[in-house]
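Q: Shown below is the structure under consideration.
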Amino acid sequence: MFYKSTRNSEVKVSSAQAITQGISVEGGLFVPESIPSLSLDEIKSIGEMKYADRAAYIFSKYLTDFTEAEIRYCTDNAYSTKNFETESISEIAHLFDGTYMLELWHGPTCAFKDMALQILPYFLTTSAKKIKLDKKIVILVATSGDTGKAALEGFKDVEGTSILVFYPEDGVSPMQKRQMKTQEGGNVGVCAIKGNFDDCQNGVKSIFTDNDVKKQLDDNGMMFSSANSINWGRLVPQVVYYVSAYAELVKDGEIELGEKINIVVPTGNFGNILAAYYAKHMGVPVNKLICASNINNVLTDFINTGIYDRNRKFYATVSPSMDILISSNLERLLYIMTGDNDALINEWFGKLASEGRYEVNDDVKKKLKAEFAAGFCDDASTKQAISDVYKKYSYTCDTHTAVAVKVYNDYKAETGDTTKTVIASTASPYKFSAAVLEALTGGMSDIDEYEMVDQIAALSDIPVPAALAGLKNKPDRFNDTIEKKDQKQYVLDTLGI
Ligand SMILES: *Cc1c(COP(=O)(O)O)cnc(C)c1O
């Protein structure tokens, strides 16, 4: 299996190269040259395996340059009860007739990003060894909350790596700040920037591309890499849980082998729903992929009209991990849908960069409509959905998952489609406790994060994740706050060069 670039189809690299490089030299994303297939019998047999084995089975079809032992090393280290609260890694909650919550947040940081960021460090270090890059991998992350913490937990004490995370001093939630300041591990660093998320991100980007810094790292046997969601090593682990969920539902007798399901995904960067698309095209029987957005509804409009237009107001919502106007992974979908047409991708994404807008052709519009449905909802409906689900089914969902629930209910009312449906549940309700508590109790309160968690726990059947409960008594380890102009020097000092 080779990987091509969405901006130059002539590029042909192995998975180890795609994962270490992250992004192709001309700026394209790496895409497998074809989507490997799974027969229904294979899917059925996957249901008999434990999660790490399911993952290894699927990775063997994509990472064909990895040996079986290398894949096992990655999956066994990532998907164990060392890192996840439950034996099955991802859990399926039966919500109501024919609707299932695929809970992807039983990892160390209580959001679905753990599913990929627990394994990415092993993919990266194994890939680097395979292509004989004998260097220490230095990960720099700019974060507005979830990704930084998930990357810290993933890379913590992984041999041959170190990680440094920058966050905006006043731009993350109190719980997220505590999660990062108390981070354990001998190879980790966390620092606040006096500025906003863009300042952090611009700083990291300019350090990444600074030839002087690169040379200094090289002289000291180090290299930069990225834990960003455009890396193929973050996408392929997400394909696993959709195949796994289908196989599990067959095994449990909830669906017949071959029966189609809908999949609803609360979407921001389009990574998680693209993974569902891959699962479908591998052979998982899927009727509709339903793309759910908050009021930043650029994707809803795109799927319904074929026009992508980021020239619109940006809203801060109660589902902040979906507050995004440029969905990077869409580029991969369009590359596939145009039949690997790199010229069209260059044209459209060139327009996106220069004008903030592009329109796809009629053929792609048709394909989008055939595969996807899309909808969005605002904060008031999000909280209403949390409250409705709680009252009807005694189930507490987080704000992102609630967007998916609302969009799915709208879809069902509009289409009358009664296909059994899996909703991707992307975060623990305790992670976004202020909005969840407000939805459950109908009122706002000025108590601190820990008290909110206690109050939700008193109302909900879902136990407080140990990782969040334990935070209260952990000492802060990282208290540095710096000016944005000092970011580069801070990196060099931390690395001791
Ligand atoms: C990142 C994130 C999303 C969006 O996922 P994408 O892959 O970017 O579409 C949804 N919910 C939560 C909780 C997240 O952290």
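Q: Restricted to segment 225-267, and to residues that are within 20 Å of G148 (Cα to Cα), part of a loop (DSSP other than H, G, I, E, B) and touching a helix residue (DSSP H, G or I) at 6+ places or on another chain (Cβ under 6 Å), which residue is farthest from the ligand (Cβ to nearest atom)?
A: Filtering segment 225-267 for residues that are within 20 Å of G148 (Cα to Cα), part of a loop (DSSP other than H, G, I, E, B) and touching a helix residue (DSSP H, G or I) at 6+ places or on another chain (Cβ under 6 Å), the one farthest from the ligand (Cβ to nearest atom) comes out as A227.
Here is a yes/no grid of residues against (1) assigned to a helix (DSSP H, G or I); (2) under 24 Å from the mean Cα position of the chain (by Cα):
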| residue | (1), (2) |
| --- | --- |
| S9 | no, no |
| Q17 | yes, yes |
| I23 | no, yes |
| S34 | no, yes |
| L38 | no, yes |
| S45 | yes, no |
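Q: Does any residue of segment 54-69 turn out to be of a type in the set (A, V, I, L, M), at pLDDT 95 or above and under 26 Å from I324 (Cβ atoms)? Steps first, answer last, please.
A: Going through segment 54-69, the residues of a type in the set (A, V, I, L, M) turn out to be 55-56, 58, 63, 69.
Next, from what is left, pick out any that are at pLDDT 95 or above: 55-56, 58, 63, 69.
Remaining after also requiring under 26 Å from I324 (Cβ atoms): none.
Within segment 54-69 (the criterion being of a type in the set (A, V, I, L, M), at pLDDT 95 or above and under 26 Å from I324 (Cβ atoms)), the answer is no, since none of the residues qualifies.
Q: Any residue at all in segment 280-288 that is polar (S, T, N, Q), within 13 Å of the ligand (Cβ to nearest atom), open to solvent by 10 Å² or more (accessible area, probe 1.4 Å) and not in a helix (DSSP H, G or I)?
A: Filtering segment 280-288 for residues polar (S, T, N, Q) gives 287.
After this cut, where a residue has to be within 13 Å of the ligand (Cβ to nearest atom) as well, the list is none.
The answer is no; no qualifying residue exists.
Q: Among the residues of segment 423-456, write down those that are of a type in the set (V, I, T) and away from the ligand (no atom under 15 Å from the Cβ).
A: T441, I447, V453, I456, listed by residue number.
Q: Let me ask something additional. Given the options K488, K431, K472, K406, name the one that is farther than 24 Å from T182 by Cα and not in a loop (DSSP other than H, G, I, E, B).
A: Details: K488 fails: farther than 24 Å from T182 by Cα; K431 fails: farther than 24 Å from T182 by Cα; K472 fails: farther than 24 Å from T182 by Cα.
Of K488, K431, K472, K406, the one residue that is farther than 24 Å from T182 by Cα and not in a loop (DSSP other than H, G, I, E, B) is K406.
Q: Mind checking which residues of segment 114-148 are within 16 Å of the ligand (Cβ to nearest atom) and either in a strand (DSSP E or B) or modelled with pLDDT of 95 or more (or both)?
A: Keep residues of segment 114-148 that are within 16 Å of the ligand (Cβ to nearest atom), which gives 114-120, 141-148.
Hits for segment 114-148 are D114, M115, A116, L117, Q118, I119, L120, V141, A142.
Q: Does segment 290-297 contain any residue that is outside any strand (DSSP E or B) and either without any contact (Cβ under 8 Å) to a residue 24 or more places away in the chain or open to solvent by 10 Å² or more (accessible area, probe 1.4 Å) (or both)?
A: Looking for residues that are outside any strand (DSSP E or B) and either without any contact (Cβ under 8 Å) to a residue 24 or more places away in the chain or open to solvent by 10 Å² or more (accessible area, probe 1.4 Å) (or both), one finds at least one in segment 290-297, hence yes.
Q: Among residues belonging to segment 319-343 that are in contact with a Lys or Arg (Cβ under 7 Å, 6 or more places away or on another chain) and modelled with pLDDT under 95, point out the one that is least open to solvent (accessible area, probe 1.4 Å). Explain how you work it out, then say what you get.
A: Taking segment 319-343 and keeping what is in contact with a Lys or Arg (Cβ under 7 Å, 6 or more places away or on another chain), we get 325-326, 337, 340, 342.
Adding the requirement that they be modelled with pLDDT under 95 leaves 325-326.
Working: L325: 21, I326: 73 Å².
So, considering only residues that are in contact with a Lys or Arg (Cβ under 7 Å, 6 or more places away or on another chain) and modelled with pLDDT under 95, the one least open to solvent (accessible area, probe 1.4 Å) is L325.
Q: Follow-up. Being surrounded by 15 or more Cβ atoms within 10 Å (Cβ to Cβ), touching a Lys or Arg at 6+ places or on another chain (Cβ under 8 Å) and not charged (D, E, K, R): is that true of S226 here?
A: It is false that S226 is surrounded by 15 or more Cβ atoms within 10 Å (Cβ to Cβ), touching a Lys or Arg at 6+ places or on another chain (Cβ under 8 Å) and not charged (D, E, K, R).
The values are calculated or read from the model by the stated rules, or taken from the named source; none is laboratory data. Predicted, not measured: the structure shown is a model, and the values here were computed from it. All Cβ positions, even for glycine, are placed from backbone atoms using ideal geometry, and neighbour counts span all protein chains on display. Just so you know, the surface numbers come from the protein's heavy atoms only, side chains and all, with ligands and any DNA or RNA stripped out. Shrake-Rupley method; radii C 1.70, N 1.55, O 1.52, S 1.80 Å.
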